[in-house]
Amino acid sequence: MARAHPDARTVALVILAVLAVFYTLYAAAEILLPLLLAVVLTLLLAPARRLLTERLRLPAMLAALLLIVLLFAVILGVASALIVPASSWVAKAPQSLDELQHRLGFLGQPVKFVRHGMDQIEQAMQGPPAAGQQRVVAVQQQSGFGGVGASVLQGTRAVLGEGFTLAIMLFFLLAAGDSLLRRLVEILPSFREKRRAVEIAGEIERNISGWLLTITVMNLLVGIANGVQMWLLGMPDPLLWGTLAFLLNYIPILGPFTGIVIFFFVGLFSKPSIWLALVAPAVYLGIHTLEGETVTPMLLARRFTLNPVLVILSLFFWDWLWGVPGAFLSVPLLAIAKIVADRIPVLTPFGHLIGGAPRAANGQASSAAG
């Protein structure tokens with residue numbers, strides 16, 4: 001790349017453009033998030049779509065409808081495995097708090113000391129309370145139930161709306177097949193750019209679909225292993241914890257860490273001592289370490305080689321921007337960025353920064369993803 005020395009105006013324009021992109025991503029999350037999820041799911045279902053349309057000769061619309069029905073049936077099955085037992089745990093949580101506080105009594109003094117210090121700092125920063133402040137707090141507490149109910153209803157409507165948008169986008173993406181790519185190739189000016197676009201699209205589909213399929217199989221095995229270990233340890237609702245481990249394993253770093261904390265508290269509620277409560281999270285950590293540090297890297301070594309620092313940064317950024325769906329999309333988006341950068345000469349240094357082996361002598365980019 002040619003070295004350039006941009007002036008202050010150019011740097012300022014670049015910073016403003018980046019901030020504008022971030023704001024657009026945040027403001028347009030209701031439409032961009034279902035679209036990106038639909039694209040990733042389309043890549044995952046592309047082999048099945050080809051099987052139905054090319055081998056079984058089904059119409060594209062019918063094949064797309066069958067795949068969407070199957071996908072949402074799986075989602076509803078996973079949700080049913082979570083909602084019913086999880087609701088019972090939430091219902092009995094208040095009765096278990098006293099027992100939990102008793103078992104964690106050795107942490108009471110440090111927690112009280114920290115809470116007292118935080119209260120003093122907060123009071124020093126806020127100053128003396130204004131007249132009538134307590135009355136306002138009381139009114140807010142009385143109206144809190146209605147606020148929570150309205151928030152839950154709004155959240156439910158938002159989830160249903162985004163789910164419907166996702167289903168519509170996914171249906172048309174699956175039904176369109178390769179027609180969008182053909183239209184894009186037709187408008188490109190040169191044969192070299194046409195071939196590059198086809199190569200990028202093919203590599204993205206192969207690598208991302210292969211990664212998602214491999215990760216899904218490994219997460220399923222992790223979920224089964226954790227469900228079995230919870231059953232062997234005599235924990236209630238092993239299906240719930242196996243399903244939860246399966247879902248959490250899709251989110252790097254944050255998912256397994258959350259699983260360790262959840263399994264520890266489940267052990268506290270279910271076992272008579274804190275040492276026995278540590279067995280379930282310890283086994284969970286061992287299963288995740290075996291899968292995440294040995295088996296999965298061995299299966300994906302030739303396909304996915306991303307910089308772990310950028311994986312972590314991408315994870316926290318997309319989680320901050322879009323929450324849990326953003327955390328799920330962080331690795332696929334980073335892998336797609338690397339594939340595109342490896343195929344475009346101007347962006348090759350960026351692709352090298354993301355990670356992976358250098359391009360081969362024949363000009364073919366190495367397979368990459370997280």
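Just a few scattered comments:
- Helices (runs of 4 or more DSSP H) completely within the range 229-314 that count 1 or more residues being surrounded by fewer than 14 Cβ atoms within 10 Å (Cβ to Cβ) and modelled with pLDDT of 85 or more: 254-270, 279-290
Here's the yes/no breakdown for (1) surrounded by 12 or more Cβ atoms within 10 Å (Cβ to Cβ); (2) in contact with a helix residue (DSSP H, G or I) (Cβ under 6 Å, 6 or more places away or on another chain); (3) modelled with pLDDT under 85; (4) assigned to a helix (DSSP H, G or I):
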{"residue": "Tyr23", "(1), (2), (3), (4)": "no, no, no, yes"}
{"residue": "Arg50", "(1), (2), (3), (4)": "yes, no, no, yes"}
{"residue": "Leu62", "(1), (2), (3), (4)": "yes, no, no, yes"}
{"residue": "Leu67", "(1), (2), (3), (4)": "yes, yes, no, yes"}
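- Residues satisfying the stated conditions in the range 157-204, i.e. surrounded by fewer than 18 Cβ atoms within 10 Å (Cβ to Cβ) and of a type in the set (D, E, K, R): Arg157, Glu162, Asp178, Arg182, Arg183, Glu186, Arg192, Glu193, Lys194, Arg195, Arg196, Glu199
- Across the range 237-254, the qualifying residues are those that are more than 24 Å from Ser314 (Cα to Cα) and free of Cβ contacts under 8 Å to residues at least 40 places away in the same chain, and the one among them that is farthest from the chain's Cα centre (by Cα) is Pro238.
- Options Ile344, Ile336, Ile354; residue that is modelled with pLDDT of 80 or more and within 17 Å of the chain's Cα centre (by Cα): Ile336
The values are calculated or read from the model by the stated rules, or taken from the named source; none is laboratory data. Quantities reported herein were computed from a predicted structural model and do not represent experimental measurements. Cβ coordinates were reconstructed from backbone atoms using ideal geometry, including for glycine residues, and neighbour counts include every protein chain displayed.
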